[in-house]
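The values are calculated or read from the model by the stated rules, or taken from the named source; none is laboratory data. The model shown is predicted, which means the values in this text are computed figures rather than measured ones. Positions of Cβ are backbone-derived with ideal geometry, glycine not excepted, and every protein chain shown enters the neighbour counts. Heavy atoms of the whole protein, side chains included, go into the accessibility calculation; ligands, DNA and RNA do not. Shrake-Rupley method; radii C 1.70, N 1.55, O 1.52, S 1.80 Å.
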Amino acid sequence: MDSLTLFCTASFIVAGGLYWFVCILGSAEQKGRRAHHLSGGSISHEKVQDKYKQYWTFFRRPKEIETADKVPAFVDTFYNLVTDIYEWGWGQSFHFSPSIPGKSHLDATKAHEQMAVDLLGVKPGDKILDAGCGVGGPMRAIAAHSGANVVGITINEYQVERARIHNKKAGLDSLCEVVCGNFLEMPFADNTFDGVYSIEATCHAPKLEEVYAEIYRVLKPGSLYVSYEWVTTELFRADDSEHVEIIQGIERGDALPGLRHYSDIAEIAKNVGFEIVKEKDLAKPPSKPWWTRLKMGRIAYWRNHIVVTVLSALGIAPKGTVDVHEMLFKTADYLTRGGDTGIFTPMHMILCRKPKN
């Protein structure tokens with residue numbers, strides 16, 4: 001084989017490999033976004049890095065945030081920065097679920113979502129609310145499973161756009177509606193919904209009682225609300241420096257104004273008027289660890305980081321995308337450590353009822 005042929009063959013292999021990583025490789029579960037489509041959401045290309053720096057400065061010490069009224073705006077910025085990366089590297093459901101032996105991550109995720117709506121006991125045709133719907137992965141699974149009409153609300157306009165595209169592609173746009181808004185001030189009338197759920201979303205609220213009070217207001221009397229909450233567990237020790245480092249790492253990397261302790265959740269729900277039907281940490285045995293997916297994904301993270309670095313260098317991905325991806329990589333490590341030590345759970349389930357009277 002002469003040198004020219006060898007060079008051409010090598011070039012073809014390299015070009016083919018690059019095309020596979022950049023253009024073909026989609027998310028780990030459902031190809032909702034491709035690498036060469038990575039963007040800053042609603043943030044213009046040239047402002048992504050500046051917005052990332054502003055975000056990082058704001059959430060550097062979450063529990064010391066004094067301007068809680070600015071939290072929603074920075075949560076919106078966070079999801080502009082991470083939505084495409086989440087879709088590309090994780091899938092359309094931005095949450096965790098217990099591992100199920102013999103089942104894929106996608107199947108485990110759907111089962112976790114379907115359990116939420118099963119707890120609500122809704123019927124086909126009922127109208128339910130997804131409080132903090134993201135790009136609508138759970139919404140679509142729940143609508144298809146239950147036959148209920150699902151209205152999702154997210155603070156991020158870009159996620160509304162992505163969710164509507166996915167709903168239409170899935171043929172579920174007749175059952176799924178998406179609204180842009182703040183779940184602390186929802187644009188719905190009192191007593192509107194036959195059920196409400198939130199999956200790992202209310203952790204972004206500076207005060208949990210504010211979002212719970214809004215959900216209580218829009219829920220019909222006698223109906224149920226279920227939430228999967230991010231909390232510290234009974235094993236967390238505030239005087240343990242390693243524990244504090246882990247929790248602060250999770251808070252900084254996930255736009256959280258401060259994680260709450262599991263024991264606070266039911267009390268807050270009662271204070272706004274809810275009756276507590278059931279409370280359980282869905283991550284505890286016999287459930288299999290939710291964080292194994294993060295451990296198994298380390299090779300994928302490094303592979304994706306190389307792709308993001310190349311795309312950023314070429315100007316295809318916005319400047320600052322590498323910083324965002326690196327932040328998420330570090331946050332995945334903190335989440336894994338939180339799971340390994342048992343001091344953190346992303347699925348403390350609470351089921352509440354709004355009294356009939």
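Tabulated data
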item: 1.4 Å probe accessible area per residue over region 58-118, in Å²; result: 44 Å²
item: Cβ-derived FRET efficiency at R0 51 Å, LYS123 paired with ARG303, nearest 0.05; result: 0.70
item: By accessible area with a 1.4 Å probe, ligands and nucleic acids excluded, highest first: order of MET115, MET139; result: MET115, MET139
item: Two-site label geometry, GLU234 and ALA213: point separation in nm, points 7 Å out along Cα→Cβ; result: 3.1 nm
item: Relative packing of 156-167, 46-57, which averages over residues the other C-beta atoms within 10 Å, highest first; result: 156-167, 46-57
item: Set LYS53/LYS169; LYS53/LYS207; LYS207/LYS330 screened for pairs whose C-alpha atoms are more than 30 Å apart; result: LYS53/LYS169
item: Lys, Arg +1 and Asp, Glu -1 on Cβ, resulting dipole of the chain about Cα centre, debye, nearest 20; result: 740 debye
item: Lysines with Cα under 16 Å of LYS356, excluding same-chain neighbours fewer than 8 positions away; result: LYS220, LYS270
item: Gained length - LYS70 relative to LYS270, 0.36 nm times residue gap less alpha-carbon distance; result: 69.3 nm
item: Distance in nm between pseudo-label sites at HIS261 and ARG61 (7 Å out along the Cβ direction from Cα); result: 2.2 nm
item: Proximal charge balance of SER198 [Cβ under 9 Å; K/R count +1, D/E count -1]; result: -3
item: Span from the region 126-187 Cα centroid across to the region 223-302 one, whole angstrom; result: 23 Å
item: Loop GluC sites (Glu not before Pro), region 269-357 (other Cβ atoms within 10 Å of the site Cβ: 14 or fewer; DSSP); result: none
item: Sulfur and carbon atoms: percent of accessible area, the chain [1.4 Å]; result: 55 percent
item: Computed over the chain: relative contact order in percent, which uses C-alpha pairs under 8 Å that are six or more apart; result: 21 percent
item: Helix-derived mean residue ellipticity, 222 nm - over the chain, DSSP H n ≥ 4, -39500 (n - 2.57), to 500; result: -14500 deg cm²/dmol
item: Neighbourhood net charge (12 Å Cβ-Cβ; Lys/Arg +1, Asp/Glu -1) for PRO221; result: +2
item: Mean accessible surface per residue for region 203-330, computed with a 1.4 Å probe while every protein chain stays in place, in Å²; result: 45 Å²
